[in-house]
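Colleague: Please read through the structure below; I'll follow up with questions.
Where a number appears in this text, it was derived from the coordinates with a stated rule and is not lab data. Here the structure is a predicted model, which means the values were calculated and not measured. Heads up, the Cβs are rebuilt from the backbone with ideal geometry, glycines too, and the neighbour counts pull from every protein chain shown.
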Amino acid sequence: MTRGAAIAMVTLASVSSSCSVTDYFLRSANRETASIIEKEGAGVPNMESDFTIDPPSPASLVGLPRSSKTHDFLGAAADREIGATMISFAEALAIAVKHNRDYLGRKERLYEEALDLTLARHEFAPIFGAGGSADYSDGTAAVAGNLNNLVRTKTFTQRAGVGADKLLKTGARLSSDLTIDFLKFVNGNLRSVNSSSFAATLSQPLLRGAGSLAVTENLTQAERNLLYELRDFARFRKEFVVRIATRYYQVLQARDQVNNNWLAYQGFVFSVEREEALAEEDLSTQTELGQLKQASLRSELDWFNSLQSYLQRLDEFTIDLGLPIDSRIVLDERELAKLDIIGPRLTREEAAMIAVNTRLDLKNSRDRKRDRERRIGVFAQELLPGVDFVSSVRVGSISSSRAPGLESRLSTYTVGLDIDLDPDKKQERNAYRAALIAHQRAERDLEFDTDNIKLAINNDFRSLGQAHRQYKISEDGVDLALSRLEEQQLLMELGRGTARDLVDAQNDLVDSQNDRTAAVVRHTISRLNFWRDMGILFINKDGSWVRKLKEEES
């Protein structure tokens, strides 16, 4: 085998070994964190099942229906909808929870918190260590300065050790270490010498640092932090679904506005053509014709601007779903027709009471207040003097190859106290005072969060009431504007109407139509916000929600 081939084989073996080691630790981390999240997340409502941060496969729209028709109101953008993938609301939610970048990043944040907990728990597990060394030397030396009498000496030395360390929840720490030295001389005759030693130490704090409160504080806080992150993630899922729903319906609202503005523009085009025919027969003035042409130009600009706004919203929503920007999609406009005005069957006071008892973020605020109470005791203990009970034992041996082993006559043990009476407690004093202040702040934060939740419920009720009122007014406005428009068109045909009245009626109609759509969308979004703020919007794995207010569906 050539030297190059040997080097290549060694390199390949090293790389293979490195990959297998990293794969092992990666699987170990995934397995341990998945177990923690599954166990701790079982007690958190609305937590995602089958949690994983494995990168999802590329988003695929295969199997979804394709659009086969186009609409004139889309103008030059109409062709892009032919063959585009039609996405329903349910499908949009399912895509978003798999591919949205914010959602995936939020899952990774939860994973990292669970990863921190594994390290905190590891401090209370037996920690083993092992190592060793081996040296070989080969040389010659003159005997008694006689250069004619040279002796070749070979020496092979080995050292190995293994140890363990265990931290108990009482604050005690138990450490042990076993070391073996082995020295082999090769110089004509074979002889060997080995020595071994075993040591164990127990240290138990009696005042400062004693007991589970101080010792387990880092572990306790790490477990609490994971619980908070689980609740925050469950809360985030609700907010995320409401966000996707809001943007989905807003895109459809923008599309409907394009259609309304297009119809208004076409109405003005028809009125201008009719007025031009009347003007040719001297049945209309150029002033009336000019007013209609000016209104037609403004209407065309409104339609064009609304079209651009719709296309921009659609592109932004495509990215929000986690799809490539060049994906050709169209939202199912039938989803807009499914929306209805449904009011809550609860009073504002009942809704606020439910929210205070179910909101996960408020539960976090309550538990963080308890954390501050616990830390007061931890920092108070740091003001005590340090008194540690220490005990150690050591057993060693030096023997030949004929009689290896440990000899108890070489053992020693010690028992004593380590006392730290350092009077400089300025840092500990300040930390204790800061803990008291943090507890006061936590109490205020809890009150503030409670009031903000009640405020959100109040705002949701106002928003629902405003949207309902807006819908009723716009519905009446559409009927009234239609009647006015028909009347003005008839009067214009008879030569008795005015261009200004016709323009006003047409503009009022399109405004009322846009207001009606906006009211339905706003009421739907407000209702989702209301469920979310009450804490009763439960999200399935695919992003769909489970309604808890069954009476709202009746």
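Colleague: Would you tally the net charge around Ser463, using a Cβ to Cβ cut-off of less than 13 Å, leaving Ser463 out, and scoring K and R as +1, D and E as -1?
Modeller: Numbers: positive: Arg348, Arg462, Arg469, Arg522, Arg527, Arg532; negative: Asp460, Asp533.
Result for the neighbourhood of Ser463: +4.
Colleague: Also, quick follow-up: List, in the order given, every pair from Lys238/Lys472; Lys107/Lys238; Lys98/Lys238 whose Cα-Cα distance in the structure shown is over 18 Å. Numbers along the way, then the final one.
Modeller: Working: Lys238/Lys472 29 Å; Lys107/Lys238 14 Å; Lys98/Lys238 15 Å.
Pairs exceeding the cut-off: Lys238/Lys472.
Colleague: Still on this structure, I have one more. With a Förster radius of 35 Å, plug the Cβ-Cβ distance of Phe270 and Asp79 into 1/(1 + (r/R0)^6) and report the FRET value to the nearest 0.05.
Modeller: Numbers: r = 25 Å, r/R0 = 0.72.
About 0.90, to the nearest 0.05.
Colleague: Tell me, in nm to one decimal, what length is gained between Val62 and Glu223 on full extension, where the rule is 0.36 nm per residue of separation less the Cα-Cα distance? Before the final figure, lay out each step's value.
Modeller: Working: separation 161, 0.36 × 161 = 57.96 nm, distance 4.23 nm.
Stretched out fully, the Val62 to Glu223 stretch lengthens by 53.7 nm.
Colleague: Now for a different question. Using the Cβ atoms and a cut-off under 11 Å, what net charge is assigned to the surroundings of Asp177, where Lys and Arg are +1 and Asp and Glu are -1? Walk me through the numbers on the way to the answer.
Modeller: Working: positive: Arg394; negative: Asp165.
Spelling it out: positives minus negatives among the neighbours equals 0.
Colleague: By count of other Cβ within 10 Å, fewest leading, how are Ser68, Ser526, Ser327 ordered? It would help to have the intermediate numbers written out before the result.
Modeller: Values: Ser68 10, Ser526 21, Ser327 15.
Listing Ser68, Ser526, Ser327 from fewest to most nearby Cβ atoms yields Ser68, Ser327, Ser526.
Colleague: Using a 10 Å cut-off around each Cβ, can you sort Tyr413, Tyr111, Tyr249 from fewest to most neighbouring Cβ atoms? Show your work: numbers first, answer last.
Modeller: Working: Tyr413 10, Tyr111 19, Tyr249 22.
Going from least to most buried by this count: Tyr413, Tyr111, Tyr249.
Colleague: Rank these for me by crowding, Met534, Met353, Met492, going from fewest to most other beta carbons within 10 Å.
Modeller: Values: Met534 26, Met353 15, Met492 22.
Lowest to highest Cβ neighbour count: Met353, Met492, Met534.
Colleague: So what are the ³J(HN,Hα) numbers for segment 306-318, from phi and the Karplus equation (6.51, -1.76, 1.60; θ = phi - 60°), rounded to whole Hz, Gly and Pro as x?
Modeller: Ordered by residue, 3J(HN,Hα) equals 5, 5, 5, 5, 4, 5, 5, 4, 5, 5, 5, 5, 4 Hz.
Colleague: What number comes out for the charge environment of Ile329, summing +1 per Lys or Arg and -1 per Asp or Glu over other residues with Cβ under 14 Å away? Let's see the in-between values first.
Modeller: Working: positive: Arg66, Arg80, Arg247, Arg255, Arg313, Arg328; negative: Glu81, Glu91, Asp315, Glu316, Asp320, Asp326, Asp332, Glu333, Glu335.
So the environment of Ile329 carries a net charge of -3.
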